[in-house]
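The values are calculated or read from the model by the stated rules, or taken from the named source; none is laboratory data. Worth saying up front: this structure is predicted, and the values here are computed from it rather than measured. Cβ sites come from the backbone with ideal geometry, for glycine too, and all protein chains shown count toward neighbours. These area figures cover heavy atoms from the full protein model, side chains too; ligands, DNA and RNA do not enter into them. Shrake-Rupley method; radii C 1.70, N 1.55, O 1.52, S 1.80 Å.
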Amino acid sequence: MKNWKFKGIYLKKGWVSPAYISTDESGKIIAISNESPAVLDEVVNGYAIASITNAHSHAFQYGMVGLTENIPKGQGGDNFWSWRDRMYRIADQITPEQTEAIATMLYAEMTRVGYGHVVEFHYLRNDQSGKYYDNPNEMSDRLISAAKKAGIKITLVPVYYRCSGFGKGPSYAQRRFQFSSTEDYFKHIESLKSQYKDDTGVDIGLGLHSMRAASSEEIKEIIAYNKELPCHLHISEQMQEVNACVEHFGARPVEWLTNETEVGSNCHLVHSTHITESEMSAIIKANANVVVCPTTEGNLGDGFFPIAEYINNGGRWCIGSDSHITLNPFEEVRLLDYGQRMAKQQRNVFLNAKAGDSAALAFEAVIDNGRMAAGKQTQDYFEVGSDLDAVIVDANSPLMGRASDEGRLATIIYGLDIGAINGQISSGKWVVKSGHHTNKEEILNAFSKALCDIH
Ligand SMILES: [Zn+2]
């Protein structure tokens, strides 16, 4: 047993300051109080908030950050599709060893900036010739191993990918992503589930790359396969994709999905950028969740998700860092919010002119729906019986010096630079302490080696 003291912890009812948490040997919370126990084992000079779930990640893309902010000679302009060509060139090269080294570094960095759980949307699974590896779980095992080394919890979402476009078959460019059938895909899911069933830091989810990556029957089959598992898919990210869907299915992507499949609360629609009012209503009616990835959506020129209207109608949402062009959960929230503030020339647009607190609203959505996206569900941010997973905000950061609880969460979400986030505790153990990942040097060495070989 261990007794912790924090300057404060943030619960749904607000701040408890100071706060005392006791944990058992496995790092589970056994008591939360505002009264000190007789013995204190660790006094933390910081405020604890719940660890954030990064609900959408493609780990290998971290290896190409910074390489596509230019237009090569002869390319003309640049958009999502030309970026995708360059991303495929990187995906073609990456070995299992590099995948593990890149993912370990990425996940370690995630813990440093406040993420305690990652949902890895994993489609780079075949060898360079497009064949399954001898161990069909090779790439999945590498990603899970990376998460363990980095000290982040993972929900691995193997992604079904078979077609190169609406009504098309497989293609050479996507050979490393493809499954040959849903039967093969479900076999893969079941094998991972049984391999990791006793591992508390690992969950397995279902994934479908996009509407263009599977036939209508396959889409229905995957959505219906197992309602107990979270099911993720990219949708309505680009207008070209929306138009192709209308041409092929006679309906827009969300329209078709909500009409034709059993989409429900376990479904997590990544992006959903281009939706009509009736599609928005259909997502909300199905109680599905939208995973918004604002910094990637901005970087790729996708468009703005209509967050204010969506919240006003009761929509569920959370965030992901997707391509990892930016790793900062608070910046994801700010960009999502500020894009709409600028477009509407209004402030606090999350609140739709109702009284409330933007930071509290955003935090609740990001934590609660993020946990569901990872296949988890809890009531409060910290609860007796749950793992102590916490992000620590440095109490010495200038703006954290305010004595009152008022505005503290909004200061963290809207005001602080990432340097003020200086700790991560996972299942009662320090993963990041005083701003440093406990295993950084070793992870960085392997990452630098992997990066040298990627062009
Ligand atoms: Zn994505």
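Looking at the chain, what % of its DSSP beta bridges pair antiparallel, to the nearest 5?
Working: 27 of 63 bridges.
Among the beta bridges of the chain, antiparallel pairing accounts for roughly 45 percent.
For the pair His455 and Tyr338, how long in nm is the line joining their label points, each one 7 Å along Cα→Cβ?
3.7 nm
At 0.36 nm per residue, minus the direct Cα-Cα distance, what do Tyr172 and Ile71 gain on full extension? Give it in nm, one decimal, please.
So the extension gain works out to 33.9 nm.
Can you tell me how much longer the chain between Leu40 and Ile284 gets when fully stretched, taken as 0.36 nm per residue apart minus their C-alpha distance, in nm with one decimal?
Taking 0.36 nm per residue and subtracting the Cα distance, the gain is 83.2 nm.
Taking only Cα atoms, what is the 0 to 90° angle, nearest 10, from helix 138-150's long axis to the longest principal axis of the chain?
Relative to the chain, helix 138-150 is tipped by roughly 20 degrees.
Can you list the HN-Hα couplings for the stretch 231-245, worked out from phi with the Karplus curve (6.51, -1.76, 1.60; θ = phi - 60°), rounded to whole Hz and with x for Gly and Pro?
Result, rounded to whole Hz: 10, 10, 8, 6, 8, 6, 7, 10, 5, 4, 6, 4, 5, 5, 5.
Which value, in debye to the nearest 20, describes the size of the charge dipole of the stretch 80-157 about its Cα centre when Lys and Arg Cβ atoms bear +1, Asp and Glu Cβ atoms bear -1, and nothing else is charged?
260 debye
Using a 1.4 Å probe, how large is the accessible area of Tyr225, given in Å² and rounded to the nearest 10?
Estimated to the nearest 10 Å², Tyr225 gives 80 Å².
For Asn312 and Glu25, compute 0.36 nm times the residue count separating them, minus their Cα-Cα distance, and round to one decimal in nm.
Fully extending the segment from Asn312 to Glu25 adds 99.0 nm.
Charges on Cβ only, +1 for Lys and Arg, -1 for Asp and Glu, centred on the Cα centroid of the stretch 52-373; of Ser171, His56, Leu208, which one is farthest towards the dipole's positive end?
His56
Work out the length of the dipole vector of the stretch 326-455 about its Cα centre, built from +1 on the beta-carbon of each Lys and Arg and -1 on the beta-carbon of each Asp and Glu, and round it to the nearest 20 debye.
Working: 13 positive and 17 negative charges, 64 e Å.
The dipole of the stretch 326-455 has a size of about 300 debye.
Could you list, in their original order, any pairs among Lys193/Lys429; Lys5/Lys433; Lys131/Lys187; Lys153/Lys193; Lys5/Lys149; Lys148/Lys440 whose Cα atoms are separated by more than 18 Å?
Working: Lys193/Lys429 26 Å; Lys5/Lys433 15 Å; Lys131/Lys187 16 Å; Lys153/Lys193 15 Å; Lys5/Lys149 27 Å; Lys148/Lys440 13 Å.
As for pairs spanning more than 18 Å Cα to Cα, those are Lys193/Lys429; Lys5/Lys149.
Rank by packing, highest mean first: peptides 191-203, 69-81, 294-306, with packing defined as the count of other Cβ atoms within 10 Å averaged across residues.
Highest to lowest by the protection proxy: 294-306, 191-203, 69-81.
For the chain, take the longest principal axis of its alpha carbons; what is the angle in degrees between that and the long axis of helix 96-113, to the nearest 10 within 0 to 90?
With rounding to tens, the tilt is 40 degrees.
By a straight-distance test (C-alpha under 22 Å), which lysines pair with Lys344 as possible cross-link partners, with residues fewer than eight away in the same chain excluded?
Once the sequence-local lysines are set aside, what remains near Lys344 is Lys354.
If I ignore ligands, DNA and RNA and count only protein heavy atoms, how much of Lys148 is accessible to a 1.4 Å probe, in Å² to the nearest 10?
Here the accessible area works out near 110 Å².
Calculate one ³J(HN,Hα) per residue across the stretch 170-183 by plugging θ = phi - 60° into the Karplus curve 6.51 cos²θ - 1.76 cosθ + 1.60, and present them in order as whole Hz with x for glycine and proline.
Each residue of the stretch 170-183 in turn: x, 10, 4, 4, 10, 4, 7, 9, 8, 9, 8, 7, 5, 4 Hz.
By accessible area of protein heavy atoms, probe 1.4 Å, what ranking do Arg402, Arg142 get, highest first?
Reading off the accessible areas and sorting them downward yields Arg402, Arg142.
Determine how large the accessible area of Met1 is when every protein chain is in place; take a 1.4 Å probe and give Å² rounded to the nearest 10.
Answer for Met1: close to 130 Å² accessible.
Positive end of the dipole of the chain, charges at C-beta (+1 Lys, Arg; -1 Asp, Glu), about the Cα centre: which of Leu233, Tyr414, Thr276 has its Cα farthest in that direction?
Comparing the listed Cα positions along the dipole, Tyr414 ranks first.
Could you look at the stretch 52-373 and say what percent of its accessible area is carbon and sulfur, using a 1.4 Å probe and all protein chains? Mind showing how you got there, number by number?
Details: 5610 of 11610 Å².
Taking all protein chains in place, the stretch 52-373 shows 48 percent carbon and sulfur surface.
Given +1 on the Cβ of Lys and Arg, -1 on the Cβ of Asp and Glu, and no further charges, what dipole in debye does the stretch 52-373 carry about its Cα centre, rounded to the nearest 20? Don't jump to the answer; show the numbers that get you there.
Values: 30 positive and 40 negative charges, 72 e Å.
In total the dipole reaches around 340 debye.
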